[in-house]
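The values are calculated or read from the model by the stated rules, or taken from the named source; none is laboratory data. Note that the structure is a prediction, hence the values are computed from the model and not measured. Neighbour counts are summed over all protein chains in view; Cβ atoms, including those assigned to glycine, are modelled from backbone coordinates with ideal geometry. Please note that ligands, DNA and RNA were not included when accessible areas were found on the heavy atoms of the full protein model with its side chains. Shrake-Rupley method; radii C 1.70, N 1.55, O 1.52, S 1.80 Å.
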Amino acid sequence: QVQVEESGGGLVQPEGSLRLSCTVHGTIFDINSMAWYRQTLGKQRELVASIAGDGTTNYADSVKGRFTISRGNGKKVVYLQMNSLNPDDTAVYFCKADLLSRGTRDYSDYWGQGTQVTVSL
């Protein structure tokens with residue numbers, strides 16, 4: 001069974017930094033891409049950053065120059081380094097993995113439960 005687990009959220013002051021981690025657990029054959037999304041109450045979930053299998057990254061305009069997505073050892077871990085945080089970054093951050101798991105023929109999206117990031121004095 002595949003599980004996606006996020007960690008690293010918390011409360012931080014404006015202009016502070018946080019690093020989120022996302023780990024894929026379980027037996028998988030391949031990960032096509034991984035991405036971070038965020039969502040606030042009453043709003044749609046939005047893409048923050050993604051990293052493809054070849055390492056190509058993509059960022060929302062609102063976080064360019066402040067956030068960095070990267071992989072850990074192997075493809076099953078991805079990080080989101082968030083710098084110069086501001087209150088507009090407050091949200092629940094979700095990790096998504098597009099992967100091929102054992103017993104399946106197609107890639108599917110797996111989501112984590114989310115981790116809260118709050119930027120406030």
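For this structure, a couple of remarks:
- Residues in region 1-56 that are in contact (Cβ under 8 Å) with a residue 12 or more places away in the chain, among the polar types (S, T, N, Q) and within 28 Å of Arg102 (Cβ to Cβ): Gln1, Gln3, Ser7, Ser21, Thr23, Thr27, Asn32, Ser33, Ser50.
- When restricted to residues that are surrounded by 15 or more Cβ atoms within 10 Å (Cβ to Cβ) and farther than 14 Å from Asp88 by Cα, region 46-56 contains 3.
- The set of residues in region 18-43 being on the phi < 0 side of the Ramachandran plot, loosely packed, with under 12 Cβ neighbours inside 10 Å and not in a strand (DSSP E or B) consists of Thr27, Leu41, Lys43.
- Any strands (runs of 3 or more DSSP E) falling wholly within region 44-90 and containing at least 2 residues that are modelled with pLDDT of 95 or more and under 18 Å from Ser17 (Cβ atoms): 46-52, 67-71, 77-82
- Scan of region 57-74 for residues that are surrounded by 11 or more Cβ atoms within 10 Å (Cβ to Cβ), within 18 Å of Ser7 (Cβ to Cβ) and of a type in the set (Gly, Ala, Ser), ordered by number: Ser70, Gly72
- The set of residues in region 1-17 that are open to solvent by 40 Å² or more (accessible area, probe 1.4 Å) and either in a loop (DSSP other than H, G, I, E, B) or in contact with a helix residue (DSSP H, G or I) (Cβ under 6 Å, 6 or more places away or on another chain) (or both) comprises Gln1, Gln13, Pro14, Glu15, Ser17.
- The residues on offer are Val77, Val117, and the sole one that is surrounded by 12 or more Cβ atoms within 10 Å (Cβ to Cβ) and touching a helix residue (DSSP H, G or I) at 6+ places or on another chain (Cβ under 8 Å) is Val117.
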